[in-house]
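The structure appears below as structure tokens.
The values are calculated or read from the model by the stated rules, or taken from the named source; none is laboratory data. Note that the structure is predicted; figures quoted are calculated from it, not measured. Note that each Cβ is placed from the backbone with ideal geometry, even for glycine, and that neighbours are counted across all protein chains shown. Side chains are part of the model used for accessible areas, which takes the heavy atoms of the whole protein and leaves out ligands, DNA and RNA. Shrake-Rupley method; radii C 1.70, N 1.55, O 1.52, S 1.80 Å.
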Amino acid sequence: MNFKPVRIASTVLLALLLLGVMTPLAIPSSAQRVDPSKVAIQLISFEEGVSFLVEASKFEELARVKWYGSDGTALSAKLLEDPTASRFTANVVWKNTITFTATDIAVRVYWTVKDRVGYSPDPYSFISYDCLWVLALAIAYAGGPEDVDKVADMIQKVLETYEGATGKIRLNEFGDRAGSDYAIFAPVMVGGKVEWRMVELYDFARDTIVKVEKDPFAERPATLPTALPKFSPPPKPAPTPVREITVGALYPLTGDLATFGKANVEALKIALEDVNKWFEENGYPWRFKLDIRDSETKPDTAKSLFRSLHGAGVRYFLGPMSSGELKELIADIGAGYKAVVISPSSTSPALAIKDTVFRFPPPDDFQGKVLNMLYKNDGVTHVIIVYRNDDWGKGLADFIKAYVKEFDITIVDTIPYDPKAPAFGALAETVRAKVRDLTVAPAPGISPALIAAIVVIVIVVAAIAYYLLRR
């Protein structure tokens with residue numbers, strides 16, 4: 001019996017089997033590529049992030065994914081001033097989270113500040129309003145400004161009954177707000193121009209995100225509310241001459257938070273008018289004066305201003321707005337600079353220590369959870385975090401990552417950037433490459449590896465067949 005044809009056929013079949021095994025390994029696979037609608041870019045920045053958004057708008061791939069911001073950019077006036085960035089964010093529906101309460105007092109502060117600065121103030125302006133009221137009442141409860149530690153102790157006493165622009169304020173053991181609602185704002189096209197609108201709300205009491213049918217600040221009321229905060233009046237001291245108390249206000253009037261700082265200062269001025277009027281009408285012997293200084297959104301400047309005012313006898317401070325700035329003041333207070341400080345917007349969890357520094361927004365562990373809830377609700381499964389490389393930016397990025405397992409989110413990469421970088425083109429290119437790697441399948445066709453495999457198999461088969469045929 002002649003076995004040569006059988007041997008040849010067997011050899012050819014073996015070659016084809018090898019080819020079948022190697023082909024899937026050599027052909028590019030798109031099975032693990034992620035749908036762009038399930039991918040998000042989380043930008044953690046201050047207003048310098050607008051320059052990054054301009055660069056990002058140049059790439060089609062970055063317009064196909066979802067975008068999220070945070071309290072560092074929510075209601076940014078600088079964004080609306082830039083037509084390229086504002087149109088891009090309106091098209092991708094860029095959602096930004098920030099602590100929020102819509103009380104009658106907040107409505108009055110919002111519209112009054114907007115009239116003065118020409119743009120929508122952020123909700124931290126409402127907190128600034130409350131900061132001055134609570135500080136003034138704490139000084140009154142302490143019987144005057146002389147005992148700084150006693151005034152610090154009275155902060156919690158005041159908050160037992162105080163209900164102001166941001167509703168009730170409950171502090172945790174570190175003097176930070178123990179949770180709140182979060183508004184989700186996004187730039188939207190309204191009448192041919194881009195405006196900020198509240199689109200969703202995180203309900204803290206129910207721990208859920210709800211749709212917002214109407215932004216409570218979208219339309220100006222015919223008459224602004226006149227309500228003042230509610231609280232238990234402090235005990236009245238013995239009649240004494242009226243005394244003026246200086247409060248240092250360290251706010252960024254220039255730098256990366258300039259538009260936020262200017263709006264918050266105007267809210268402080270409204271509070272000052274209300275506080276002094278109430279103290280006068282109710283027979284308390286103290287009036288308050290704001291010494292407003294530009295912290296420039298720079299930690300070193302904030303520290304220098306704090307030391308200068310402290311040297312001049314000031315012991316009570318409002319601000320600064322960023323956690324990097326506040327960190328410097330905390331260090332000085334720990335080193336012996338006795339003072340009470342209330343920040344309306346510092347949220348870095350790294351600054352949660354027991355001292356005479358109070359922070360009236362909740363720390364970023366809450367915001368990290370809310371952002372993950374947003375991802376989940378919006379169908380996002382993969383997130384690329386781009387963050388400002390400072391204590392606040394890294395802290396928020398870390399807390400976003402802390403919740404991803406709970407919401408089944410994959411963090412693809414975390415990309416820090418220098419907020420002082422002269423340009424953001426390279427950063428946008430880096431993010432674009434990450435998105436392409438994640439979402440774009442390689443071009444179809446036979447890969448070089450497959451071609452090489454075919455050549456090798458053909459040679460081997462030919463050699464074996466030649467050997468068998470000779471026998």
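Let me check I have the definition right: for segment 147-235, take the eigenvalues of the Cα gyration tensor, multiply each by 5, take square roots. What are those semi-axes in whole Å, largest first?
They are 34, 18, 12 Å, listed from largest to smallest.
To the nearest 20 Debye, how big is the dipole of segment 49-112 about its Cα centre, given +1 on the beta carbon of each Lys and Arg and -1 on that of each Asp and Glu?
120
Which listed residue (LEU250, THR84, SER125) has the Cα farthest towards the positive end of the charge dipole for the chain, taking +1 on Lys and Arg C-beta and -1 on Asp and Glu C-beta about the Cα centre?
Farthest along the dipole direction, towards plus: THR84.
For the Cα atoms of the chain, what angle does the longest principal axis make with the long axis of helix 448-470, in degrees from 0 to 90, nearest 10?
On a 0 to 90 degree scale, this one is about 20.
Tell me, in nm to one decimal, what length is gained between ASP35 and LYS236 on full extension, where the rule is 0.36 nm per residue of separation less the Cα-Cα distance?
That pair, ASP35 and LYS236, stretches by 65.8 nm at full extension.
Checking a compactness column here: for the chain, what do you get for Rg(Cα) / (2.2 N^0.38 Å), N being the number of residues?
Against the empirical 2.2 N^0.38 Å value, I get 1.32 for the chain.
In percent, how large is the relative contact order of the chain, given Cα pairs closer than 8 Å and 6 or more residues apart? Don't skip to the end; give the middle numbers.
Details: 877 pairs, mean separation 97.6, N = 471.
Taking the mean separation of contacting Cα pairs over the length of the chain, I get 21 percent.
If you place +1 on the Cβ of every Lys and Arg and -1 on the Cβ of every Asp and Glu, how big does the dipole about the Cα centre of the chain come out, in debye to the nearest 20?
It comes to approximately 1740 debye.
Place a point 7 Å from the Cα of THR226 along the Cα-to-Cβ direction; which residues of segment 262-278 have their backbone N under 20 Å from it?
Hits in segment 262-278 for THR226 at 20 Å: 270-278.
Determine how large the accessible area of ARG436 is when every protein chain is in place; take a 1.4 Å probe and give Å² rounded to the nearest 10.
100
How are the C-alpha pair distances of segment 105-157 spread across 5 Å bins, as whole percents from the shortest bin up?
With a bin width of 5 Å, the distribution comes to 4, 21, 21, 14, 11, 12, 12, 5, 0.
Tell me the accessible surface of ASP391 in square angstrom (1.4 angstrom probe, heavy atoms of protein chains only), to the nearest ten.
Accessible surface of ASP391 is approximately 60 Å².
For each pair in LYS150/LYS269; LYS66/LYS214; LYS277/LYS394; LYS230/LYS262, compute the distance between the two Cα atoms and list the pairs where it is over 32 Å.
Those over the limit are LYS277/LYS394.
Within the accessible area of the chain, what % is carbon and sulfur when the probe is 1.4 Å and the other protein chains stay in place?
Details: 11440 of 20660 Å².
Accessible surface attributable to carbon and sulfur in the chain totals 55 percent.
How much accessible area per residue does segment 185-293 have, in Å², with a 1.4 Å probe?
Using a 1.4 Å probe on heavy atoms only, each residue of segment 185-293 averages 51 Å².
Using a Förster radius of 51 Å, what is the FRET efficiency between LYS58 and LYS168 based on their Cβ-Cβ separation? Nearest 0.05, please.
Numbers: r = 46 Å, r/R0 = 0.90.
So, using R0 = 51 Å, E works out to roughly 0.65.
If you place +1 on the Cβ of every Lys and Arg, -1 on the Cβ of every Asp and Glu, and leave all else neutral, what size is the dipole of segment 96-231 about its Cα centre, to the nearest 20 Debye?
Roughly 480 debye, rounded to the nearest 20.
Put +1 on the Cβ of each Lys and Arg and -1 on the Cβ of each Asp and Glu in segment 291-346; which of GLY336, THR301, SER346 then has its Cα farthest toward the positive end of the dipole?
Positive-most Cα among the choices belongs to GLY336.
Could you put GLU81, GLU61 in order of accessible surface area, largest first, with the 1.4 Å probe and the full protein assembly present?
GLU81, GLU61
Which FRET efficiency value, to the nearest 0.05, is calculated for ILE292 and ILE245 with the Förster distance at 25 angstrom and r the Cβ-Cβ distance?
According to the calculation, E is roughly 0.95.
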